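The values are calculated or read from the model by the stated rules, or taken from the named source; none is laboratory data. A quick note: this is a predicted structure, and the numbers were derived from the prediction, not measured. We place every Cβ from the backbone using ideal geometry, glycine too, and count neighbours over all the protein chains shown.
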Amino acid sequence: MTAALDKDLVGLAPLSAEQIRLILDTAEPFKEVSERPIKKVPALRGKTIVNLFFEASTRTRISFEFAEKRLSADTVNVAVSGSAVQKGETLVDTARNLEAMRIDMVVIRHPSSGAAEFLGRRIRSNVVNAGDGKHEHPTQALLDLLTLRDKFGRIEGLKVCLVGDVLHSRVARSDIWGLLKLGAQVAVCGPRTLLPRRIEELGVTVFEHVADAIQWADALNVLRLQLERMEAGFIPSVREYYRVFGVTAERLEKAPRPLTIMHPGPMNRGVEIDSRVADGPHSVILDQVTNGVAVRMAVLYLLAGGKPELADAAKRGGGPGGPPD
Amino acid sequence: MSRPERTIILDARALSRALQRMAVEVLELAHGTEHLVLIGIQRRGVELAERIAKLIEEDEGVVVPRGALDITLYRDDLETVGPKPVIGPTHLPGELTDKHVVIVDDVLYTGRTVRAALDELADFGRPRRISLCVLIDRGGRELPIQADIVGKVVKTAPGDRVDVLVEELDGRDQVDLIRGAPSGVAA
């Protein structure tokens, strides 16, 4: 067990390729759990998990909640509105108060980059980053990796292009780390105003035109264009964005081979992606959603069991408490 | 501590004979194949269930439904031993309700694996009967669980280890007893 995870999952940047593969391999059998008549296993029975969401999220929160419930954990959702946070309580105070009620894990979504790591250093519970500012969204990238591995049978050597607003996207950052660590080739394509400066230094190719990216790639991950970016002056208009960077059926027809299409959701149909593409035969967007639950189950399971000091104590003691036959 | 001492308790021929006898006993216990379902416990149990199913097929000319169960997620010791590196697949051959399920595993020891398997099966349906068939019963039970069909009974101490090797995974059929193996890796 060389690849065990640390106490927290804050991002893919600090993980080794072996740790990422461990999570993906562990996610595999969890897919089957969601197909059972009773979609539940007792692996995390008695664990209490708090979903602490400082930003609106539907898909990610529900996906985590399903993952927790299918592992038999007890869950509490804390949303910012109506909580003590609005009364001025700090993040650490909120978490310490929760911890005083004996919780085991915190799943946190926060608008500030680094919030998950900050919290993880200050509380004993395991912390899972469900998106922090523009930093990382590790479970989203893990489900992207799992979906690509399902589709192609491998990640190594795959050519994956992220299209759109890379600058503000924590999904893009986590994807880039994960894909590069597992040996994929990564490119980005989008308006220069929405690409981080010097992104090439990460080992990423930059395409100016979507047509070029389509010629090159095996798969596109189409990022969501947040409509407020237009008001902030990053792009002239949504229509122009669609005309220049939209992933359309016409553009994809020119690809040398069918491209696998991913999107982290929620989609803006007719802005970054054409409906015919999103609903087309090569779209794996809903597979991503299905895999999201399995990947999150794997992460929670691995973190919950990853208490090496207990494992060592059990090994020293031998006898009862050792592994069963 | 002295060096662990390894003795062969079943060689390939003895293992084959044991399986043939177990296949016959499974048929007797289930009164034929009509309601019979064989469920192997990951990993060696799955291979043994497959062998027994094939032996029954040769004798009876019927295909016996078989499945595989990984009980990792039903274990009661996640906290103390940590997660297993990789969990094997679980797949069951259709509806279990009203079937006679025979659980097949390589070694019966504390009984905790079987306890977990019973819990897991209950989440898939309500078999009419569940029986237990193991290649090696090494004693040392921590729960009130007994096998219906046993290939061989071996007396062991807590520090011993029983290694079941099967052709499909290990390249040969053999069962070894290792005396005085380091504790904590008991099999």
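From the list B:Leu29, B:Leu36, which residue is within 21 Å of B:Gln146 (Cα to Cα) and either at pLDDT below 95 or in contact with a His (Cβ under 6 Å, 6 or more places away or on another chain) (or both)? It would help to see each step written out before you state the result.
Numbers: B:Leu29 fails: either at pLDDT below 95 or in contact with a His (Cβ under 6 Å, 6 or more places away or on another chain) (or both).
Answer to the selection: B:Leu36.
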(message) Can you list residue pairs whose Cβ atoms sit under 6 Å apart, with the first residue in the range A:106-118 being in a loop (DSSP other than H, G, I, E, B) and the second being surrounded by 24 or more Cβ atoms within 10 Å (Cβ to Cβ)? Count only pairs 6 or more apart in sequence or on different chains.
(response) A:Ser113/A:Asp132
(request) Just need a number here: residues in the range A:1-34 that are at the interface with chain B (Cβ under 10 Å from one of its Cβ atoms) and either in contact with an Asp or Glu (Cβ under 6 Å, 6 or more places away or on another chain) or over 16 Å from A:Gly183 (Cα atoms) (or both). (result) 14
(request) Scan the range B:47-68 residue by residue and report those that are closer than 14 Å to B:Gly32 by Cα and either part of a loop (DSSP other than H, G, I, E, B) or within 20 Å of the chain's Cα centre (by Cα) (or both). (result) B:Ile52, B:Ala53, B:Leu55, B:Ile56, B:Glu57, B:Gly61, B:Val62, B:Val63, B:Val64, B:Pro65
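In a strand (DSSP E or B), within 9 Å of another protein chain (Cβ to nearest Cβ) and either in contact with a Cys (Cβ under 6 Å, 6 or more places away or on another chain) or more than 29 Å from A:Lys31 (Cβ to Cβ) (or both) - does that describe any residue in the range B:117-133?
Taking the range B:117-133 first, the residues in a strand (DSSP E or B) are B:129-133.
If we keep only those that are within 9 Å of another protein chain (Cβ to nearest Cβ) too, we end up with none.
Checked against the condition, which is being in a strand (DSSP E or B), within 9 Å of another protein chain (Cβ to nearest Cβ) and either in contact with a Cys (Cβ under 6 Å, 6 or more places away or on another chain) or more than 29 Å from A:Lys31 (Cβ to Cβ) (or both), the range B:117-133 yields no hits at all.
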(request) Report, by residue number, each residue of the range B:119-138 that is surrounded by 15 or more Cβ atoms within 10 Å (Cβ to Cβ) and not acidic (Asp, Glu). (result) B:Leu121, B:Phe124, B:Gly125, B:Pro127, B:Ile130, B:Ser131, B:Leu132, B:Cys133, B:Val134, B:Leu135, B:Ile136, B:Arg138
(request) Take the residues in the range A:176-191 that are in contact (Cβ under 8 Å) with a residue 60 or more places away in the chain and assigned to a helix (DSSP H, G or I), then tell me which one is farthest from the chain's Cα centre (by Cα). (result) A:Lys181
(request) Name the helices (runs of 4 or more DSSP H) wholly inside the range A:192-256 in which the number of residues that are among the aromatic types (Phe, Trp, Tyr) and more than 24 Å from A:Thr147 (Cα to Cα) is 2 or more. (result) A:238-245
(request) Test each condition in (1) of a type outside the set (S, T, N, Q); (2) modelled with pLDDT under 95; (3) in a loop (DSSP other than H, G, I, E, B) for B:Ile145 and report the one that comes out false. (result) (2)
(request) Identify the single condition in (1) closer than 12 Å to A:Tyr301 by Cα; (2) touching a helix residue (DSSP H, G or I) at 6+ places or on another chain (Cβ under 6 Å) that A:Gly11 does not satisfy, given that it satisfies every other one. (result) (1)
(message) Kindly evaluate A:Pro111 against the criterion of being within 18 Å of the chain's Cα centre (by Cα) and modelled with pLDDT under 95.
(response) yes
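Restricted to the range A:69-82, and to residues that are closer than 20 Å to A:Arg124 by Cα and more than 14 Å from every other protein chain (Cβ to nearest Cβ), which residue is surrounded by the most Cβ atoms within 10 Å (Cβ to Cβ)? Explain how you work it out, then say what you get.
Kept after step one, since they are closer than 20 Å to A:Arg124 by Cα, are these residues of the range A:69-82: A:73-78.
Then drop every residue that is not more than 14 Å from every other protein chain (Cβ to nearest Cβ), which leaves A:74-78.
Working: A:Asp74: 15, A:Thr75: 20, A:Val76: 13, A:Asn77: 14, A:Val78: 18.
By that ranking, first place goes to A:Thr75.
When you go through B:Leu38, B:Leu73 one by one, which is the residue that is part of a helix (DSSP H, G or I) and surrounded by 23 or more Cβ atoms within 10 Å (Cβ to Cβ)? First the steps, then the outcome.
Working: B:Leu38 fails: part of a helix (DSSP H, G or I).
Being part of a helix (DSSP H, G or I) and surrounded by 23 or more Cβ atoms within 10 Å (Cβ to Cβ) holds for just one of B:Leu38, B:Leu73, which is B:Leu73.
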